[in-house]
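The values are calculated or read from the model by the stated rules, or taken from the named source; none is laboratory data. Treat the numbers as computed from the prediction; the structure is a model and nothing was measured. When we count neighbours, we look across all protein chains shown, and the Cβ atoms used for this are built from the backbone with ideal geometry, even at glycine.
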Amino acid sequence: MSRPQRIGVFGGTFDPVHNTHLAIARAARDKAGLDRVWLVVSARPPHKSKGPVASPEDRYAMVEAAVADEPGIEPSRLELDREGPSYTMDTLAEVARMHKDAELYLILGHDALADFPQWRDPEGILARARLLVVPRPGGADTPEGIREHVDLLPFECNELSSTEVRERIMAGRSIDELVPAAAAKLIRERGIYNASTRDSARD
């Protein structure tokens, strides 16, 4: 009898998607043995005071372009097509309905663990998925009560952020070594991050 499909849910604003996002998805696929990794583009992250800089459709298009040639790594618009804030619990419940026999893994940075108990319905999240945690510089200790639900993803962490990528674009500097080539091409063609966004939201 074949084992259940293992699906990783990796959410974010991806504003823009960059090479570290892609490296995390690859590590989840290759080192954690996941069959599929979904990059779920968030529409309205409840934990951020300001919204993303790029539009939802531009952010989805960048992710779609970045993973086009990556087997087992897929863009997802589950949260873009759902009304209201992008709560992780709602997303996992939707994935579970779509793939009833799958084993679900929520991919998140170690720095997010400190706030995890304050997320909407953390118990419901843990009932549906294991936490596949990515090391981050200065990551907080794992809160009591969830350690048995956590798997650490072997990954050499770095501090690349979408904010850094946007700042380089706005300064007229190259992002070729920071962003997947197809996404960088889309950014240039659409002028997604231009001077008019300089004072917009930061991640």
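Scanning for something of a type in the set (A, V, I, L, M) and either touching a Phe, Trp or Tyr at 6+ places or on another chain (Cβ under 6 Å) or at pLDDT below 95 (or both), does region 171-190 turn up at least one residue?
Yes, region 171-190 contains a residue that is of a type in the set (A, V, I, L, M) and either touching a Phe, Trp or Tyr at 6+ places or on another chain (Cβ under 6 Å) or at pLDDT below 95 (or both).
Would you be able to tell me the number of residues in region 156-170 that are of a type in the set (Gly, Ala, Ser) and touching a Phe, Trp or Tyr at 6+ places or on another chain (Cβ under 9 Å)?
Qualifying residue count, region 156-170: 1.
For Arg59, work out the one condition from (1) over 12 Å from Val9 (Cα atoms); (2) in a loop (DSSP other than H, G, I, E, B); (3) in contact with a strand residue (DSSP E or B) (Cβ under 7 Å, 6 or more places away or on another chain) it doesn't fulfil.
If we test Arg59 against (1) over 12 Å from Val9 (Cα atoms); (2) in a loop (DSSP other than H, G, I, E, B); (3) in contact with a strand residue (DSSP E or B) (Cβ under 7 Å, 6 or more places away or on another chain), just (2) comes out false.
Just for region 156-168: of the residues that are assigned to a loop (DSSP other than H, G, I, E, B) and among the polar types (S, T, N, Q), which one is modelled with the highest pLDDT?
For region 156-168, the residue satisfying everything is Ser161.
Quick check on my filter: what residues within region 1-18 are in a loop (DSSP other than H, G, I, E, B), touching an Asp or Glu at 6+ places or on another chain (Cβ under 8 Å) and β-branched (Val, Ile, Thr)?
Thr13
Looking only at region 125-160, which residues are within 23 Å of Asp15 (Cβ to Cβ) and either touching a residue at least 60 places away in the same chain (Cβ under 8 Å) or in contact with a Lys or Arg (Cβ under 6 Å, 6 or more places away or on another chain) (or both)?
Once the filter is applied, which keeps residues that are within 23 Å of Asp15 (Cβ to Cβ) and either touching a residue at least 60 places away in the same chain (Cβ under 8 Å) or in contact with a Lys or Arg (Cβ under 6 Å, 6 or more places away or on another chain) (or both), region 125-160 yields Leu132, Val134, Leu153, Phe155, Cys157, Asn158, Leu160.
Please enumerate the residues belonging to region 87-108 that are in contact with a Gly (Cβ under 7 Å, 6 or more places away or on another chain) and over 12 Å from Phe10 (Cβ atoms). Explain how you work it out, then say what you get.
Within region 87-108, the subset in contact with a Gly (Cβ under 7 Å, 6 or more places away or on another chain) is 88-89, 91, 105, 107.
Listed by number, the list holds a single entry, Met89.
If you take the residues in region 67-94 that are over 20 Å from Arg26 (Cα atoms) and in contact (Cβ under 8 Å) with a residue 60 or more places away in the chain, which one is surrounded by the fewest Cβ atoms within 10 Å (Cβ to Cβ)?
Looking at residues that are over 20 Å from Arg26 (Cα atoms) and in contact (Cβ under 8 Å) with a residue 60 or more places away in the chain, I get Ser86.
Would you mention how many residues in region 114-144 are within 15 Å of the chain's Cα centre (by Cα) and buried (at least 16 other Cβ atoms within 10 Å of the Cβ)?
Number of matching residues: 5.
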